[in-house]
Amino acid sequence: MKNPVVLAPMAGVCNSAFRLTVKEFGAGLVYAEMVSDKGIIFKNEKTMNMLYIDECEKPLSLQIFGGEKESLVEAAKFVDKNTNADIIDINMGCPVPKITKCDAGAKWLLDPNKIYEMVAAVVDAVEKPVTVKMRIGWDEEHIYAVENAQAVERAGGQAVAVHGRTRAQMYEGTSNWDIIREVKQAVSIPVIGNGDVSTPQDAKRMLEEVGCDGVMIGRAALGNPWMIYRTVKYLESGELIGEPTPREKIDVCILHLDRLIALKNEEIAVREMRKHASWYLKGIRGNAKVRNAINACTTRDELVNLLTSFVEELEEKQSVQAG
Ligand SMILES: Cc1cc2nc3c(=O)[nH]c(=O)nc-3n(C[C@H](O)[C@H](O)[C@H](O)COP(=O)(O)O)c2cc1C
């Protein structure tokens, strides 16, 4: 990794179109969205498409999830042999009942022995490095972050990313960085800290206070790859670069849209892009009307016209105000 700034895996977000864009903004490592082990084994078409990685995105970590050893190992072997991912990551943090009901995601956090057994089996079966992304625990009464991370290390896992929330917290409350620090002190593999890094200054504080080796950014990068660039620069030189202009945001939003169209097709891409466009527009004054209109868009032209006329009107208003 050329720097310690890591894009978090985000389902429905971190496909090749977004990852490539974030990579161009300087991320040291990008994670792909989680992929189902069963989807890989049954060669589900949608799942297979999720395994596409552009060479320019590397280094990239591809995350798989599952609850049974056999299927997880089979899926990992497939990723090992048939993708150009650099790292195979195992999801031990997803809090969604649909996933935990199948003993996958955050369910693992209740049992360090199972973690050891599963990670060891995957490590034995593949050549690529294996890592784990976990939450600190299942709930307040079951926080085994240290034991779980040690189990990963003993099993041959090569790094661990820790989101400082329990499964019960979902995305509420705050990320507990003290527990991430305890993990860092308890293992010798690299630890990537995660949770509530909203500004470049937060990233620096996390690296300093937790002593972790990498800092993972999720929600703050939604519609905002500049967060990655600004963080990289801030960590490198202490310089805090300004926020992008509305025009810059719209230009990157359209680039992202075009990459998504190339990856999927226009209909799917435009539908998926609605939420991204809304994120790109966040913080720009007077965006409510255009955000509503975006939700009815079905074609690239409609979406691009809405975005460009919004930014043109905004610039006109600003130039009138400037006199
Ligand atoms: C929309 C969304 C999708 C997510 N999908 C995944 C996922 O596929 N795998 C995973 O390990 N974590 C996933 N997460 C959790 C993030 O990777 C990250 O741990 C969490 O958002 C906390 O970091 P943040 O405060 O920087 O957002 C997701 C989070 C969001 C908001």
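The values are calculated or read from the model by the stated rules, or taken from the named source; none is laboratory data. Just so it is clear, the structure is predicted and the values come from calculations on it, not from any experiment. Cβ atoms come from the backbone with ideal geometry, glycine included; neighbour counts cover every protein chain shown. Just so you know, the surface numbers come from the protein's heavy atoms only, side chains and all, with ligands and any DNA or RNA stripped out. Shrake-Rupley method; radii C 1.70, N 1.55, O 1.52, S 1.80 Å.
Taking only the stretch 183-201 into account, find how many residues are open to solvent by 30 Å² or more (accessible area, probe 1.4 Å) and either acidic (D, E) or more than 10 Å from the ligand (Cβ to nearest atom) (or both).
Total meeting the criteria: 8.
Quickly run through the stretch 159-182 and pick out the residues that are within 12 Å of the ligand (Cβ to nearest atom) and either among the hydroxyl-bearing types (S, T, Y) or at pLDDT below 95 (or both).
Listed by number, the residues that qualify are Y171, T174, S175.
Is it the case that S175 is among the hydroxyl-bearing types (S, T, Y), crowded, with 19+ Cβ neighbours inside 10 Å, assigned to a loop (DSSP other than H, G, I, E, B) and in contact (Cβ under 8 Å) with a residue 12 or more places away in the chain?
Answer is yes for this residue.
Being more than 16 Å from the ligand (Cβ to nearest atom), over 19 Å from the mean Cα position of the chain (by Cα), surrounded by fewer than 22 Cβ atoms within 10 Å (Cβ to Cβ) and in a helix (DSSP H, G or I), is that true of even one residue in the stretch 101-111?
yes
Looking only at the stretch 152-179, count every residue that is hydrophobic (A, V, I, L, M, F, W, C) and touching an Asp or Glu at 6+ places or on another chain (Cβ under 9 Å) and tell me the total.
Looking only at that region, the number is 6.
Cβ-Cβ below 6 Å, separation at least six or inter-chain, first residue in the stretch 249-260 and open to solvent by 10 Å² or more (accessible area, probe 1.4 Å), second of a type in the set (S, T, Y): which pairs?
Close Cβ pairs satisfying both conditions: K249/Y280.
Taking helices (runs of 4 or more DSSP H) that do not extend beyond the stretch 1-76, which have at least 3 residues that are surrounded by 19 or more Cβ atoms within 10 Å (Cβ to Cβ) and within 15 Å of the ligand (Cβ to nearest atom)?
Correct list: 16-24, 37-41.
Tally up the residues in the stretch 129-153 that are closer than 19 Å to Q63 by Cβ and either buried (at least 24 other Cβ atoms within 10 Å of the Cβ) or not polar (S, T, N, Q) (or both), please.
Counting residues in the stretch 129-153 that are closer than 19 Å to Q63 by Cβ and either buried (at least 24 other Cβ atoms within 10 Å of the Cβ) or not polar (S, T, N, Q) (or both) gives 13.
Which number in (1) touching a residue at least 12 places away in the same chain (Cβ under 8 Å); (2) over 16 Å from R135 (Cβ atoms) marks the one condition that R181 misses?
For R181, the exception is condition (2).
Scan the stretch 228-248 residue by residue and report those that are open to solvent by less than 40 Å² (accessible area, probe 1.4 Å) and in contact (Cβ under 8 Å) with a residue 60 or more places away in the chain.
The answer is I228, T231, V232, P246.
Of the residues in the stretch 154-168, how many are more than 25 Å from K98 (Cα to Cα) and either under 22 Å from the mean Cα position of the chain (by Cα) or buried (at least 19 other Cβ atoms within 10 Å of the Cβ) (or both)?
Looking only at that region, the number is 4.
Across the stretch 77-97, which residue is nearest to the ligand (Cβ to nearest atom) among those that are over 11 Å from L60 (Cα atoms) and open to solvent by 30 Å² or more (accessible area, probe 1.4 Å)?
V96
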